[in-house]
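The values are calculated or read from the model by the stated rules, or taken from the named source; none is laboratory data. Bear in mind the structure is a predicted one, so any value in this text is a computation, not a measurement. Please note: Cβ atoms are built from the backbone with ideal geometry, for glycine as well, and neighbour counts cover all protein chains shown. These area figures cover heavy atoms from the full protein model, side chains too; ligands, DNA and RNA do not enter into them. Shrake-Rupley method; radii C 1.70, N 1.55, O 1.52, S 1.80 Å.
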Amino acid sequence: YEKAIRYAHDARLQEMSNYMLYNFHDSPADLYERMRLNVGLNEQLGLRIWSFPMRYQPTDLPERSFIGEKWTRYQLRSMQIILQATHGVVSGAPQFVNRAFGETSDHFADLLLHPHHFIFNRDYYEFGEGGDDWNRFRRALQGLSAGDKADLLTLLSSCDPRDFRLLPSRATSTDVKRILSLYRPLDKDREATIWAKQRELRRVEDPALSLPDDERVEDAGLQAVEESI
């Protein structure tokens, strides 16, 4: 891929876009490094490259239920929610990747582990009234060992969100039991209130996530409904 981009640069092609497959043989860390590669090439060669991540699904599987060996169901849904906020695009701008996907592959892995209402309403929780909940979650996440994080992902991927309230009884770690309380889906009224406040925060679009019109994509399968377990 890098060789092809350099050939294109030598041929004076300055703007390029491509599809970026994930959930196949890759891991989340592999995907992150491929996203960072475009950042490096853009900066080094003065290019404008952006990618459209596409989740792999076998052609003989009608429903979108395939989970790659190195992914989990929860991580895939997290990735889908992140892409909703970025209009299905990974821009090659460093500030974009840092904000949307984290500054390192470890940061990206932690972001995929966040409660989904935190990811979907990220401005509200990071910069708005949800700051206390955000800080509480971050402290709890930092206290988890690698084994705890793996167990947490397994638990979150084992059932539908409506059943997350039952998961603490299945957790073997006190730290995992404690953080699970933050994953319970919001009730409809609370969710509607947060959405409204998130929209207010988004009226001035985050410059780190702003995209030119030609990089936006309206339908990348981002709204597809996951199969219920």
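List of remarks:
- Its Kirkwood hydrodynamic radius, worked out from the mean inverse distance over all distinct Cα pairs, puts the stretch 76-173 at 14.6 Å.
- Diffusion coefficient, µm² s⁻¹, Stokes-Einstein with Kirkwood Rh over alpha-carbon pairs of the stretch 14-144 at 25 °C and 0.890 mPa s: 156
- Beta bridges per DSSP with both ends in the chain, % antiparallel, nearest 5: 20
- Cα-centred dipole magnitude for the chain, charges only on beta-carbon of K, R (+1) and D, E (-1), debye, nearest 20: 440
- Cα-Cα pairs of the chain separated by more than 29 Å (percent): 31
- Residue order by solvent-accessible surface for SER173, SER51, SER65 is SER65, SER173, SER51, largest first, with ligands and nucleic acids left out and a 1.4 Å probe.
- Protection proxy ranking, peptides 23-35, 129-141, average beta carbon neighbours within 10 Å, highest first: 23-35, 129-141
- Sequence-distant contacts, meaning Cα pairs under 8 Å at least 6 residues apart, place the relative contact order of the chain at 22 percent.
- Neighbourhood net charge (11 Å Cβ-Cβ; Lys/Arg +1, Asp/Glu -1) for ASN38: 0
- Solvent-accessible surface of the stretch 26-173, taken per residue with a 1.4 Å probe and all protein chains present: 44 Å².
- Net charge contributed by nearby residues that have their C-beta within less than 12 Å of THR104 (K/R +1, D/E -1): -3
- Considering all C-alpha pairs of the stretch 6-79, those separated by over 19 Å amount to 45%.
- Percent carbon-and-sulfur accessible area, the chain, ignoring ligands, DNA and RNA, probe 1.4 Å: 51
- Between ALA85, ALA192, ALA109, the residue with the greatest mean-square fluctuation in the GNM of the chain (Cα pairs under 10 Å linked by springs) is ALA192.
- Eligible lysines near LYS188 by straight Cα distance, threshold 19 Å, same-chain separation 8 or greater: LYS197
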